[in-house]
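The values are calculated or read from the model by the stated rules, or taken from the named source; none is laboratory data. Every value quoted in this text rests on a predicted model; they were computed, and no experiment measured them. In this analysis, Cβ positions are derived from the backbone assuming ideal geometry, glycine residues included, and neighbour counts consider all displayed protein chains. Accessible surface areas use protein heavy atoms only, side chains included; no ligands, DNA or RNA. Shrake-Rupley method; radii C 1.70, N 1.55, O 1.52, S 1.80 Å.
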Amino acid sequence: MPSDAAATEAKRALRAASRTAQRAAHEAAGRGAGERLRENFRHAVMVPAGVAVSGYWPMEGEMDPRALMAGLAERGHALCLPVVQGRGKPLLFRAWRRGDALVRGSLGIPVPGPEATPLVPGLLLVPLLAFDREGFRLGHGAGYYDMTLAGLRAAGPVLAVGIAYADQEVARVPREAHDQPLDWVVTEGEAIRIGVKA
């Protein structure tokens with residue numbers, strides 16, 4: 001197994017390539033990709049009743065989860081969005097409903113304001129730059145989701161679902177000891193349950 005230093009360097013190289021690939025995947029998927037993703041999720045992933053769901057506000061090129069989030073809200077799930085607290089700290093989550101005002105977070109990403117109710121999600125919809133079929137993802141490099149998932153999993157059950165374009169799949173994502181695997185990856189083409197052979 002490669003050292004963490006080697007994995008870090010491999011991630012850096014893959015991250016640069018994946019940003020370009022993500023933009024191409026966004027263009028290739030075309031209109032309606034978010035709705036196709038929502039349907040693939042709905043037919044495959046069982047979400048326990050009453051579980052709060054953390055979505056995310058898509059940055060340029062990321063798969064847009066908002067159609068899926070709307071569908072989950074219609075099924076009675078409270079929604080929340082992640083908020084960056086600072087480097088080296090886990091994400092916190094604030095309640096959000098469609099139509100609620102958002103403010104610019106520390107990375108320029110729209111987030112609920114500090115007056116929004118804190119929530120602890122039981123399902124996280126996780127953005128990514130690349131993924132593999134073993135459930136490992138390549139993020140933007142700050143480690144917020146890995147740190148957050150480790151803490152949530154230590155406290156109780158939580159489901160992590162990577163949200164991606166099909167063309168973001170790679171043969172193998174470089175991994176480090178702290179990396180947290182996903183339970184599912186859902187794309188506009190399919191829902192992939194990690195650890196279960198097709």
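Numbers at a glance
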read-out: Candidate set: segment 146-198, residues that are part of a loop (DSSP other than H, G, I, E, B) and among the polar types (S, T, N, Q); chosen: the one surrounded by the most Cβ atoms within 10 Å (Cβ to Cβ); value: 187
read-out: Residue check, residue 65 open to solvent by less than 70 Å² (accessible area, probe 1.4 Å) and within 16 Å of the chain's Cα centre (by Cα); value: yes
read-out: Complete set of residues in segment 125-145 that are in a loop (DSSP other than H, G, I, E, B) and open to solvent by less than 70 Å² (accessible area, probe 1.4 Å); value: 127, 128, 129, 132, 135, 136, 139, 141, 142, 143
read-out: Given (1) touching a Phe, Trp or Tyr at 6+ places or on another chain (Cβ under 6 Å); (2) under 20 Å from residue 191 (Cβ atoms); (3) surrounded by fewer than 20 Cβ atoms within 10 Å (Cβ to Cβ), index of the condition residue 122 fails; value: (1)
read-out: Residue within segment 17-27 that is closer than 24 Å to residue 192 by Cα and either assigned to a loop (DSSP other than H, G, I, E, B) or of a type in the set (Asp, Glu) (or both) present; value: yes
read-out: Any pair with Cβ under 7 angstrom, 6 or more apart, that starts in segment 29-42 at a residue that is in contact (Cβ under 8 Å) with a residue 40 or more places away in the chain and over 12 Å from residue 70 (Cβ atoms) and ends at one that is outside any helix (DSSP H, G or I) and open to solvent by 40 Å² or more (accessible area, probe 1.4 Å); value: 40/190
read-out: Lone qualifier among 95, 28 - being loosely packed, with under 15 Cβ neighbours inside 10 Å, over 15 Å from the mean Cα position of the chain (by Cα) and aliphatic (A, V, I, L, M); value: 28
read-out: Qualifying residue in segment 72-89 (condition: touching an Asp or Glu at 6+ places or on another chain (Cβ under 9 Å), modelled with pLDDT of 95 or more and buried (at least 20 other Cβ atoms within 10 Å of the Cβ)); value: no
read-out: Residues of segment 33-54 satisfying the condition of being in contact with an Asp or Glu (Cβ under 8 Å, 6 or more places away or on another chain) and open to solvent by less than 70 Å² (accessible area, probe 1.4 Å); value: 33, 34, 37, 40
